[in-house]
Amino acid sequence: MIVLKTRTELERMKKACRISAESLNVAEELIRPDITTREIDRAMHDYIVKCGAKPSFLGLYGFPASACISVNDVVIHGIPSDYRLKDGDIVSIDVGACCDGYHGDNAYTFIVGKTSPENEQLLRVTEESLYKGIEQAVIGNRIGDISFAVQSHVTPYGFGIVRQFVGHGVGKALHEDPEVPNFGKPGRGPRLAEGMTIAIEPMITLEGDAVTIDADKWTTRTKSGKAAAHFEHTIAITQDGPVILTVR
Ligand code: MG
């Protein structure tokens with residue numbers, strides 16, 4: 001069931017989304033060679049709590065941290081650890097915050113120092129595809145229009161689209177209906193209506209769609225071993241068009 005939000009609810013949801021976005025700024029300031037992903041998670045956790053919010057991911061389905069921190073070939077759900085970032089790594093950080101009963105969810109892939117030209121292109125194209133998807137998030141369109149916009153932007157580059165995981169509605173629960181795939185056909189799927197709030201989150205790889213999950217049951221890697229990128233915003237569908245709630 002798709003839950004539509006009233007204007008008042010959207011105003012409340014903005015706060016959770018802002019805190020979620022700001023916690024990515026906290027991460028960005030810390031990212032440098034030698035810092036551990038656990039230290040980044042701790043700082044993000046502390047920031048969210050200091051703002052009077054709760055980290056949405058902590059304990060959700062048993063996840064042991066506040067942020068998913070995924071390095072290089074890890075697409076999503078990386079568990080913060082003693083791994084020390086090094087120059088050239090790319091690091092995807094996905095985080096949610098819950099405040100006044102609503103969640104915000106967003107992700108960004110950062111570069112540690114300087115990375116390869118192919119990684120730079122992957123990040124640029126993945127972020128662009130997120131905005132192509134957002135452009136389609138208008139009243140009267142369908143979910144498939146968002147999916148198709150993401151897909152048709154990345155495939156000419158030969159990149160892979162992860163199909164096993166998709167975007168989602170977001171609100172009082174972190175994961176609500178509808179599913180928002182990063183692949184699909186225009187004109188298909190649920191129709192977009194005023195008050196829908198969704199997380200659009202392309203997960204794109206340098207090569208191939210297939211992923212494997214580690215023995216820890218979380219860490220999701222590309223089967224090819226090549227790098228992956230992940231960008232995400234929570235957006236609201238309004239009379240004035242798509243509104244990005246997790247602006248940084
Ligand atoms: Mg999400």
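Laboratory data are not the source of any read-out in this text; all were calculated from the coordinates shown. The model shown is predicted, which means the values in this text are computed figures rather than measured ones. Glycine gets a Cβ as well: all are built from the backbone with ideal geometry, and neighbour counts include every protein chain shown.
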Please state which of the following conditions I237 fails to meet, knowing it meets all the rest: (1) out of contact with any strand residue (DSSP E or B) (no Cβ under 6 Å at 6 or more places or on another chain); (2) surrounded by 18 or more Cβ atoms within 10 Å (Cβ to Cβ); (3) within 23 Å of P55 (Cβ to Cβ). (3)
Give the residue that is nearest to I19 (Cα to Cα), with candidates limited to residues of region 114-130 that are crowded, with 22+ Cβ neighbours inside 10 Å and either without any contact (Cβ under 8 Å) to a residue 24 or more places away in the chain or within 16 Å of the ligand (Cβ to nearest atom) (or both). L130
State yes or no: is P186 touching a Phe, Trp or Tyr at 6+ places or on another chain (Cβ under 8 Å), of a type outside the set (A, V, I, L, M, F, W, C) and more than 15 Å from I204 (Cβ to Cβ)? yes
By residue number, the members of region 58-92 that are in contact with a Cys (Cβ under 7 Å, 6 or more places away or on another chain) and among the hydrophobic types (A, V, I, L, M, F, W, C) are I76
Condition first: part of a loop (DSSP other than H, G, I, E, B), closer than 26 Å to A97 by Cβ, touching a residue at least 40 places away in the same chain (Cβ under 8 Å) and more than 12 Å from the ligand (Cβ to nearest atom). Now tell me which residues in region 191-225 satisfy that. L192, A193, E194, G195, M196, D216, W218, T219
Residue set D100, D87; condition surrounded by fewer than 20 Cβ atoms within 10 Å (Cβ to Cβ) and without any contact (Cβ under 8 Å) to a residue 60 or more places away in the chain; output residue D87
Which residue out of G160, G195, G144, G167 is at positive phi and either of a type in the set (G, A, S) or in contact with a His (Cβ under 8 Å, 6 or more places away or on another chain) (or both)? G195
Which ones in region 172-213 are more than 20 Å from I2 (Cβ to Cβ), β-branched (V, I, T) and either out of contact with any strand residue (DSSP E or B) (no Cβ under 9 Å at 6 or more places or on another chain) or surrounded by 21 or more Cβ atoms within 10 Å (Cβ to Cβ) (or both)? I204, T205, V211
Could you please let me know if G113 is closer than 25 Å to K54 by Cβ, of a type in the set (G, A, S), in contact with an Asp or Glu (Cβ under 8 Å, 6 or more places away or on another chain) and assigned to a loop (DSSP other than H, G, I, E, B)? no
Hits in region 134-155 - residues which are surrounded by fewer than 20 Cβ atoms within 10 Å (Cβ to Cβ) and touching a residue at least 60 places away in the same chain (Cβ under 8 Å): E135, V138, I139
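This table checks each residue for (1) in contact with a helix residue (DSSP H, G or I) (Cβ under 9 Å, 6 or more places away or on another chain); (2) within 24 Å of L245 (Cβ to Cβ); (3) not acidic (D, E).
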{"position": "E29", "(1), (2), (3)": "yes, yes, no"}
{"position": "R32", "(1), (2), (3)": "no, no, yes"}
{"position": "I40", "(1), (2), (3)": "yes, yes, yes"}
{"position": "Y47", "(1), (2), (3)": "yes, yes, yes"}
{"position": "K50", "(1), (2), (3)": "no, yes, yes"}
{"position": "F57", "(1), (2), (3)": "no, yes, yes"}
Would you say I111 is surrounded by fewer than 19 Cβ atoms within 10 Å (Cβ to Cβ) and either within 16 Å of the ligand (Cβ to nearest atom) or under 20 Å from the mean Cα position of the chain (by Cα) (or both)? yes
Looking only at region 156-184, count how many residues are more than 10 Å from the ligand (Cβ to nearest atom), part of a loop (DSSP other than H, G, I, E, B) and in contact (Cβ under 8 Å) with a residue 60 or more places away in the chain. 4
